[in-house]
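J.: Take this structure, written in structure tokens, and hold onto it; I'll ask about it next.
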């Protein structure tokens, strides 16, 4: 990023910190707190269970913090981060990267009072994020987006299975919203194929998002005077871009301009609360 100076990289493995720091011409440290006096803003991408421990010292010093999703391991821990940011006046943003997907940006103006939503977020077995359920690793992206575009959830049904780890590896949730909309979401990290798709069914229109391909298609029914209705639509123009780059650019801009990030800590809290509700239903 041309308008940002990378002042340091922290990793609990000193050799990893040194490797990345050397690649980018900066310093590497084993303890993130060594960067407090150097940084105006920090991006935290550590295991979820360490989010609070790493983020709090920066927030307490009024340093802008972006924490990758989920914001913390529990709603109570999220509240600790929000309280610290409120006390110091620090910016606290959440890294829900899918909100910055160009396909999502193109699709949002076309989503209007959906009645049924089908989401599949499937991936192959990962080497990361195995400390949390697939609900918090993958499904939370879609929970965040649906809360933003549809609103309040009034009921939840869910099922999940531990297949390759002690955590839930595949989960399905059926959500009913206050609007009457029903959403059916499936998230898996044990699939042979990588699929990231959502379909929105609305009155006389249909919209699909392919997150991985960054493609959007929409079709709508057009009624004609005295004639049969016809279907219009096709692919929507999407300008491909790297969602993480856009997320970081938004964070830097928010820190510099004194505005909120696109995904606020409060929005991330709501997504985590819903994910927790689903996880608790599965484990009950």
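The values are calculated or read from the model by the stated rules, or taken from the named source; none is laboratory data. Since the structure is predicted, the reported quantities are computational estimates derived from the model, not experimental observations. Ideal geometry is used to build each Cβ from the backbone, glycine not excepted, and the neighbour counts take in all protein chains shown.
J.: Among the residues that make up region 11-27, is at least one of them in a strand (DSSP E or B), assigned by TED's automatic domain parsing to the domain that holds residue 249 and surrounded by 14 or more Cβ atoms within 10 Å (Cβ to Cβ)?
T.: The answer is no; no qualifying residue exists.
J.: A further question on this structure: Please specify each residue of region 257-284 satisfying the condition of being surrounded by 14 or more Cβ atoms within 10 Å (Cβ to Cβ) and either free of Cβ contacts under 8 Å to residues at least 40 places away in the same chain or over 27 Å from residue 44 (Cβ atoms) (or both).
T.: Listed by number, the residues that qualify are 281, 282.
J.: All but one of (1) over 20 Å from the mean Cα position of the chain (by Cα); (2) at pLDDT 95 or above hold for residue 268; state the number of the condition that does not hold.
T.: Against the list (1) over 20 Å from the mean Cα position of the chain (by Cα); (2) at pLDDT 95 or above, residue 268 comes up short only on (1).
J.: In addition: So how many residues does region 52-75 have that are more than 19 Å from the chain's Cα centre (by Cα) and surrounded by fewer than 19 Cβ atoms within 10 Å (Cβ to Cβ)?
T.: Final tally of qualifying residues: 6.
J.: Now for a different question. Taking only region 118-136 into account, find how many residues are out of contact with any strand residue (DSSP E or B) (no Cβ under 8 Å at 6 or more places or on another chain) and buried (at least 23 other Cβ atoms within 10 Å of the Cβ). Step through it out loud before you land on a result.
T.: Quick first cut of region 118-136, residues out of contact with any strand residue (DSSP E or B) (no Cβ under 8 Å at 6 or more places or on another chain) only: 124-132, 136.
Applying the additional criterion that residues be buried (at least 23 other Cβ atoms within 10 Å of the Cβ) yields 136.
The total comes to 1.
J.: Among the residues of region 228-243 satisfying the criterion of being closer than 11 Å to residue 102 by Cα and surrounded by fewer than 16 Cβ atoms within 10 Å (Cβ to Cβ), which is farthest from the chain's Cα centre (by Cα)?
T.: Among residues in region 228-243 that are closer than 11 Å to residue 102 by Cα and surrounded by fewer than 16 Cβ atoms within 10 Å (Cβ to Cβ), the one farthest from the chain's Cα centre (by Cα) is 237.
J.: Just checking, which of 54, 67 is at pLDDT 95 or above and in a strand (DSSP E or B)?
T.: 67
J.: Residues being without any contact (Cβ under 8 Å) to a residue 40 or more places away in the chain and either under 15 Å from residue 104 (Cβ atoms) or touching a strand residue (DSSP E or B) at 6+ places or on another chain (Cβ under 7 Å) (or both): count how many of those fall in region 227-244.
T.: 8
J.: Would you confirm whether any residue within region 174-191 is within 20 Å of residue 49 (Cβ to Cβ) and over 18 Å from the mean Cα position of the chain (by Cα)?
T.: no
J.: Another question, then. Which of (1) modelled with pLDDT under 95; (2) surrounded by fewer than 16 Cβ atoms within 10 Å (Cβ to Cβ); (3) touching a strand residue (DSSP E or B) at 6+ places or on another chain (Cβ under 6 Å) is the odd one out, the single condition residue 224 does not satisfy?
T.: Single failed check for residue 224: (3).
J.: Based on what the data block shows, is residue 73 under 26 Å from residue 145 (Cβ atoms), touching a helix residue (DSSP H, G or I) at 6+ places or on another chain (Cβ under 8 Å) and part of a loop (DSSP other than H, G, I, E, B)?
T.: Yes, satisfied.
J.: Can I ask one more? Evaluate the following for residue 149: is it farther than 18 Å from residue 280 by Cβ and either modelled with pLDDT of 95 or more or in contact with a strand residue (DSSP E or B) (Cβ under 9 Å, 6 or more places away or on another chain) (or both)?
T.: Details: farther than 18 Å from residue 280 by Cβ: yes; either modelled with pLDDT of 95 or more or in contact with a strand residue (DSSP E or B) (Cβ under 9 Å, 6 or more places away or on another chain) (or both): yes.
So residue 149 fits the description; yes.
Results for (1) surrounded by fewer than 20 Cβ atoms within 10 Å (Cβ to Cβ); (2) assigned by TED's automatic domain parsing to the domain that holds residue 279; (3) free of Cβ contacts under 8 Å to residues at least 60 places away in the same chain, shown as yes or no for each residue.
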| position | (1), (2), (3) |
| --- | --- |
| 35 | yes, no, yes |
| 42 | no, no, yes |
| 46 | yes, no, yes |
| 50 | yes, no, yes |
| 79 | yes, no, no |
| 82 | yes, no, no |
| 106 | yes, yes, no |
| 110 | yes, yes, no |
| 116 | yes, yes, no |
